[in-house]
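Structure first, commentary second.
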Amino acid sequence: MKKDIILAGVGGQGILSIAAIIGTAAINAGLFLKQAEVHGMSQRGGDVQSHLRLSSEEIASDLIPGGLTDLIVSVEPMESLRYLPMLSPDGWLITNTEPFVNIPNYPDINKVISEIEAFPRHIALNAEQIAKDLGSVRSANIVMLGACSPFLDLDYYLLENAIRNILQNKGEELVKINIDAFKAGLKFAEENK
Amino acid sequence: MEWFAKNIEKLISFVNYIRNFNQNKFMEHKLLLLGDEAIAQGAIDAGLSGIYAYPGTPSTEITEYVQRSKEAHEKNISSEWSANEKTAMETALGMSYAGKRAMACMKHVGLNVAADPFINSAITGAHGGLIVVSADDPSMHSSQNEQDSRFYGKFAMIPILEPSNQQEAYDMVNYGFNFSEKMKIPVLLRITTRLAHSRAGVKRNISKEQNKGGLHDNLKQFILLPAIARKQYKDLLNKQSEFEKASEESSFNKYIAGEDKKLGIIACGIANNYLMENYPDRKVPYPVLKICQYPVPKKIIEKIYDECDEILVLEDGYPLVEELLKGLLGKGKKIKGRLDGTIPRDGELNPNIVATALGKDFTKGKEIPEFIAGRPPSLCRGCSHNDTFLALNEAMSDYSKGRVFSDIGCYTLSALKPLESINSCVDMGASITMAIGAADAGMIPAVATIGDSTFTHSGITGLLDAVNNKSPITILILDNLTTAMTGGQKSSAFGKIEDICLGVGVEKEHIHIIKPLIKYHEGNVKIIKEELAYKGVSVIIPRRECVQTLNKRMRAKHKIKTVSL
């Protein structure tokens, strides 16, 4: 088993939390893992990405070789396209459709969405709306985690347990909200893949 | 039965989960750690007594990990932030003097600040194990240059360890402390951003007790009077052959035989991973020398040089090994690397750059669509700096452009659109001193903008110069009550700025505290304008808490339910 994943978004959107949950689940599954993160200046509203590599064999590089990424998981639609050169010809593009506009020259969102939809293997969902409907707009990142979960080759229970582990100190209510967000993302992906 | 068929997958996954759970319980437990965190855990387990540092990307998480560690707390390991890297380095040296294991951590440019004690610590030597961690940032993800700390290690003539992965980072700390005590020498641990900020599973060793402490045999060792320093320096020179021997015998340096002798590959530190990534079965057809401990292992290098037609050197950072091999005239065998263009001269390595250097093809994905816009970092919504610079911009509109010297921190982002407020960012503290020089050259008024933590790091001495020089400069000390850019560490300046300014000799009537909020904009502009007109040193302190730390504090206080993960 080998999965190379690029997590993308804007600083502050919670991609490192997605990485932490998948990472915990992968370690508990006995897999090897490497995960390169971006800290520092870019976290201030700039584009951020994380290279997450899972494998049953030992992993050499912390960075994924260009053109071999299995999954791009993005919490922001334009950011999902920034890493296309990294994506394998048979990889999946999984993205939130709600734009995060903090620059004056953000492109026409329709153009962004149609580019995503033109991609043969994609899952595009409004994670913000789904999270909002569940009562916690800040769980949009966990909706995206759910949406990419069918492609991870990790047991559902490992992922759910990782969410519980990481959130256990923050109260049962928050755990429930996030597990619901996770399930909602998963359901969308299962129905649309 | 129907229910069973429907849910069979879930059942299987549940059974697997239980099985995995039990297996993990009995399996050797691995911690999922950043390279930085692996160093910190390695130090705690190796009997560390004190870690001293100033925050700086990508080194910050080493000290933060020790500060958060319950174990470190129970063991009473000192881990309070230092005012700057120089004080950190000196404090660590003091702990080594007293016989305990100490670590000083910094980003690469921090080693410039600590260079004086660092270079001299090679002459004094160490007593308790002393490791200096310098985290380099090739490609300048969050830095003003991409200097390679290995040159500092070579310059100081001390051993250097350069881990290629998180496990080595963990293991090298214990090795480094032992080696430091055995050879009575500080050891430099050099990492780069990719290792510092990448996570992997790390296996721990049994934790060691701390040293009891006590004096070294030679009480003159640390007195670098010329007569003693000359002797100490000779000792250092004499140790070089032992350092080299240790490199040749080190398990961190590995020669791996290869059939095809047309090429020999020398891969340093993390570059080794990018090489291996290009061979999925991990079998490289050429002889490979992995170097993770310096001085360079001369004998093994000689072996690979002699047996191969050409040498390819892979190293993240500057071409240190490549230059050594090539020599001034480059008359020997062909050495390929950053100097001959086989690899780009600047920027960090990655698997594809190494593939190209090996003449291998790699898969390319689709092009980025043309309409994708860049998204540079920016000041947060609600950031106090934004309101400060709006006021400063308006106050400066009476003068010609190019008068605002700035410094290192979040506020450096005010150089970008739409604010475009500042004209310089060089090194910690340079805003005040550059403003003095510019004012001396006739640029009056000159303005300095410096953050609270940067001010106590390296701004106070510059302020003293300004006061003694009676410089017509206006200094804005942007006080957001934290070291914000690196993630909100405690600022040494907290609650002390006015007193420091008064103590240094700034006149009381020219020290102002303003609240950077749009509703006070006009009043703030007026104060800045008045002080710009004053022909002496003025200090204005725009004070408002960083919105990031404020949010964090509020969340902790109220445990807001909608908080995201």
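The values are calculated or read from the model by the stated rules, or taken from the named source; none is laboratory data. If you're wondering where the values come from, they're calculated on a predicted model, not measured in any experiment. Ideal geometry is used to build each Cβ from the backbone, glycine not excepted, and the neighbour counts take in all protein chains shown.
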Does region B:303-311 contain at least one residue that is of a type in the set (K, R) and touching a Phe, Trp or Tyr at 6+ places or on another chain (Cβ under 8 Å)? yes
Selection from region B:332-369 of residues that are free of Cβ contacts under 8 Å to residues at least 24 places away in the same chain, within 24 Å of A:G91 (Cβ to Cβ) and of a type outside the set (A, V, I, L, M, F, W, C): B:N352, B:T356, B:D361, B:T363, B:K364, B:G365, B:K366, B:E367, B:P369
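For region A:16-38, which positions are under 17 Å from the mean Cα position of the chain (by Cα) and not small (G, A, S)?
Let us first name the residues in region A:16-38 that are under 17 Å from the mean Cα position of the chain (by Cα), namely A:16-26, A:33-38.
A:L16, A:I18, A:I21, A:I22, A:T24, A:L33, A:K34, A:Q35, A:E37, A:V38 - these are the residues of region A:16-38 that are under 17 Å from the mean Cα position of the chain (by Cα) and not small (G, A, S).
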One residue is enough: does region B:73-89 have a residue meeting the conditions more than 17 Å from B:T483 (Cβ to Cβ), at pLDDT 95 or above, touching a His at 6+ places or on another chain (Cβ under 6 Å) and in the same structural domain as B:P159 (by TED's automatic domain parsing)? no
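If the requirement is being assigned by TED's automatic domain parsing to the domain that holds B:L219, at positive phi and in contact with a helix residue (DSSP H, G or I) (Cβ under 7 Å, 6 or more places away or on another chain), which of these qualifies: B:M140, B:M157? Spell out the reasoning first.
Values: B:M140 fails: in contact with a helix residue (DSSP H, G or I) (Cβ under 7 Å, 6 or more places away or on another chain).
Only one candidate passes the filter, namely B:M157.
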Return the residue satisfying two criteria in turn: it lies in region A:66-83 and is in contact with a helix residue (DSSP H, G or I) (Cβ under 8 Å, 6 or more places away or on another chain) and in a helix (DSSP H, G or I), and of such residues it is surrounded by the fewest Cβ atoms within 10 Å (Cβ to Cβ). A:P77
Selection status of A:D90, more than 8 Å from chain B (Cβ to nearest Cβ), touching a residue at least 24 places away in the same chain (Cβ under 8 Å), surrounded by fewer than 18 Cβ atoms within 10 Å (Cβ to Cβ) and among the acidic types (D, E): yes
Checklist (1) of a type in the set (G, A, S); (2) within 30 Å of B:V313 (Cβ to Cβ); (3) away from every other protein chain (no Cβ under 14 Å) applied to B:G347, failing item: (3)
Residues that are under 26 Å from B:P376 (Cβ atoms) and of a type in the set (D, E, K, R), drawn from region A:45-88: A:D47, A:D62, A:E76, A:E79, A:R82
If I filter region A:15-33 for residues that are facing chain B (nearest Cβ under 10 Å), within 20 Å of A:A189 (Cα to Cα) and in a strand (DSSP E or B), do I get at least one hit? no
Looking only at region A:112-136, and only at residues there that are within 11 Å of chain B (Cβ to nearest Cβ) and under 16 Å from the mean Cα position of the chain (by Cα), the one that is nearest to A:D70 (Cα to Cα): A:I116
Any pair with Cβ under 6 angstrom, 6 or more apart, that starts in region B:405-426 at a residue that is more than 14 Å from B:L379 (Cβ to Cβ) and ends at one that is assigned to a loop (DSSP other than H, G, I, E, B): B:I408/B:M428; B:N423/B:G402; B:S424/B:S406; B:C425/B:S406
Among the residues of region B:407-417, count how many are part of a loop (DSSP other than H, G, I, E, B) and surrounded by fewer than 21 Cβ atoms within 10 Å (Cβ to Cβ). 2
Filtering region B:255-294 for residues that are within 14 Å of chain A (Cβ to nearest Cβ), among the basic types (K, R) and more than 24 Å from the chain's Cα centre (by Cα) leaves a count of 2
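Being out of contact with any helix residue (DSSP H, G or I) (no Cβ under 6 Å at 6 or more places or on another chain) and crowded, with 20+ Cβ neighbours inside 10 Å narrows it down to one of B:H197, B:H216, so name that one.
Checking each option against the conditions leaves just B:H197.
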Among what's in region A:139-193 and is within 9 Å of chain B (Cβ to nearest Cβ) and among the hydroxyl-bearing types (S, T, Y), pick the residue that is surrounded by the most Cβ atoms within 10 Å (Cβ to Cβ). A:S139
Of the residues in region A:102-121, those that are within 22 Å of A:P89 (Cα to Cα) and of a type in the set (V, I, T) come to A:V112, A:I113, A:I116
Scan region B:211-226 for residues that are free of Cβ contacts under 8 Å to residues at least 40 places away in the same chain and part of a loop (DSSP other than H, G, I, E, B) and report the count. 6
B:N480 is checked against (1) surrounded by 23 or more Cβ atoms within 10 Å (Cβ to Cβ); (2) under 22 Å from the mean Cα position of the chain (by Cα) and fails just one. What number does that condition carry? (2)
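Filtering region B:354-390 down to residues that are farther than 27 Å from A:G11 by Cα and among the aliphatic types (A, V, I, L, M), which residue is nearest to the other protein chains (Cβ to nearest Cβ)? If you could, list the steps in order and put the result at the bottom.
Taking region B:354-390 first, the residues farther than 27 Å from A:G11 by Cα are B:354-363.
Checking which are among the aliphatic types (A, V, I, L, M) leaves us with B:354-355, B:357-358.
Values: B:V354: 9, B:A355: 7, B:A357: 14, B:L358: 12 Å.
My answer is B:A355.
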Which one is farthest from A:L16 (Cα to Cα) among residues in region A:150-193 that are in contact with a Gly (Cβ under 9 Å, 6 or more places away or on another chain) and of a type in the set (D, E, K, R)? A:K187
Residue count, region B:430-477, condition under 19 Å from B:G495 (Cα atoms) and either within 25 Å of the chain's Cα centre (by Cα) or not assigned by TED's automatic domain parsing to the domain that holds B:F494 (or both), comes to 14
When region B:199-210 is checked residue by residue, the ones that are of a type outside the set (G, A, S) and either free of Cβ contacts under 8 Å to residues at least 60 places away in the same chain or part of a loop (DSSP other than H, G, I, E, B) (or both) are B:R204, B:N205, B:I206, B:K208, B:E209, B:Q210
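Give the residue that is nearest to B:I160 (Cα to Cα), with candidates limited to residues of region B:276-296 that are assigned to a loop (DSSP other than H, G, I, E, B) and among the hydroxyl-bearing types (S, T, Y).
Per the criteria, the residue is B:Y286.
Looking at region B:21-33, which of the residues that are facing chain A (nearest Cβ under 10 Å) and within 13 Å of A:T24 (Cα to Cα) is modelled with the lowest pLDDT? Steps first, answer last, please.
Of the residues in region B:21-33, the ones facing chain A (nearest Cβ under 10 Å) are B:21, B:23-24, B:27, B:29-32.
Then drop every residue that is not within 13 Å of A:T24 (Cα to Cα), which leaves B:21, B:24, B:29-32.
Numbers: B:F21: 48, B:N24: 45, B:H29: 75, B:K30: 85, B:L31: 90, B:L32: 89.
Only one residue fits best here, namely B:N24.
If you take the residues of region A:94-122 that are crowded, with 23+ Cβ neighbours inside 10 Å and of a type in the set (A, V, I, L, M), which of them is nearest to A:K187 (Cα to Cα)?
Residues of region A:94-122 that are crowded, with 23+ Cβ neighbours inside 10 Å, as a first pass: A:94-96, A:112.
Next cut, of a type in the set (A, V, I, L, M) only: A:94, A:112.
Values: A:I94: 14, A:V112: 24 Å.
Once the filter is applied, the top-ranked residue is A:I94.
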Subset of region A:30-40, residues touching a helix residue (DSSP H, G or I) at 6+ places or on another chain (Cβ under 8 Å) and crowded, with 22+ Cβ neighbours inside 10 Å, comes to A:L33, A:Q35, A:A36, A:E37, A:H39
